[in-house]
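First comes the structure, then the notes that go with it.
What follows draws every value from the coordinates through simple rules; no lab data is involved. Quick caveat: nothing in here was measured; it's all calculated off a predicted structure. Note that each Cβ is placed from the backbone with ideal geometry, even for glycine, and that neighbours are counted across all protein chains shown.
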């Protein structure tokens, strides 16, 4: 019973913190002046936010396989976000940046 | 969860409005993709993971990429971006009328299990355990066969856009990624995972959500990524093997359907062989769907015209 309570608590704290990072990243995306700083805000904050969401959800997983799937989703999203950020910033650099 | 569902509905309406009424074609496509992802989420909430997978992969992913490609081609061709979307009143009225009819149709459906009990009753005779796959590949195989042919017809309709008899050249524009750049690195890391996921989706389709269209889309995405990263050459119709890959799925499906005439009718699969037949059709259909979708995303050959 106590273990369930601890798990629920960990999930609430971690997903809550994850949502906070998403909020911060979105604020940065909307408020920062140019493409590079907007990308900086978005990729860093969102990757961390997704990691915290995944970790928070992992506390609700019934099997280790579910934990592994959550970890794989986070790793793939990290990889894709990092690559896309590089490509977007290079494209912005070539076009003179905005 | 009612709050979540209501918020989801509001977000879907907002994304749809932004896609239709917002300024800028690129922005419209981005909101269309967001709309597709939200629709996929709503299918999950309705307990339909099969439809959610198809919507996310084909509705949001593939259609979004095709629209993005169209926006890019328009920009390269020097087309003018419309300043603000004008409302075409006859079209708007017709759309509202269709939407009203659909709402009326949905509201007039009597609440109940629908055809689910009939499908569940037939399930042991279809050779698969996933009712969605049973309907798509056995009970209503006719529809799926025609879908695969429609996909092929769409691709054939695309090729005449290749200029100056260049249609035997490799598909799409010339891709120039840095040989040791991030895209090349990404193109080496992701395809093995995508291959595993794509094949798993097809295999799992017999008993769980998944299937040829979802798996084929994942495989097509992996292929397009490899080509964009400059790791492999784009397929060209000069090579008979690619034409074979395009045709083998629908052709085999049709041939096995005709073979069904022996055991009772067109597309009737004998119960003992149904599982094997469905798996073989799905495997080759996945190959054809993957190649067709990849060629659609790459577009008609453009490299030949530049030379």
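Points to keep in mind about this one:
- Ranked list, fewest to most other Cβ atoms within 10 Å of each Cβ, for A:73, B:65, B:289, B:87: B:87, A:73, B:65, B:289
- Nearest-ten-degree value, helix A:2-31 long axis tilted from longest Cα axis of chain A: 10 degrees
- Percent of Cα pairs in the protein assembly as shown per distance bin of 20 Å, from zero to the largest separation: 20, 55, 24, 1.
- Surface/4 of the Cα convex hull for region B:196-238, nm²: 3.6 nm²
- Protection proxy ranking of B:118-127, B:69-78, by the mean of other Cβ atoms within 10 Å over each peptide's residues and highest first, is B:118-127, B:69-78.
- For region B:228-273 versus region B:33-94, the gap between their alpha-carbon centres in whole angstrom: 29 Å
- Hydrodynamic radius (Kirkwood) for region B:115-307, which is based on Cα pairs only, to one decimal in Å: 17.9 Å
- Using the Cα coordinates of region B:13-137, the gyration tensor eigenvalues translate into equivalent-ellipsoid semi-axes of 36, 20, 12 Å, sorted from longest to shortest.
- Alpha-carbon spread of region A:2-94, three principal axes, descending order, Å: 55, 25, 10
- The packing ranking, built from the mean of other Cβ atoms within 10 Å per residue, places the peptides B:255-264, B:45-54, B:107-116 in the order B:45-54, B:255-264, B:107-116, highest first.
- Distance between modelled label sites at residue A:2 and residue B:193, nm, 7 Å Cα→Cβ extension: 3.9 nm
- Considering helices alone, the calculated mean residue ellipticity of chain B at 222 nm is -21500 deg cm²/dmol, with DSSP H runs of length four and up weighted by -39500 (n - 2.57) and normalised per residue.
- All Cα pairs of region B:162-201, percent lying beyond 11 Å: 73 percent
- Here the residues B:147, B:282, ranked from fewest to most Cβ neighbours within 10 Å of their Cβ, fall in the order B:147, B:282.
- Normalised alpha carbon radius of gyration of region B:56-128 [divisor 2.2 N^0.38 Å]: 1.90
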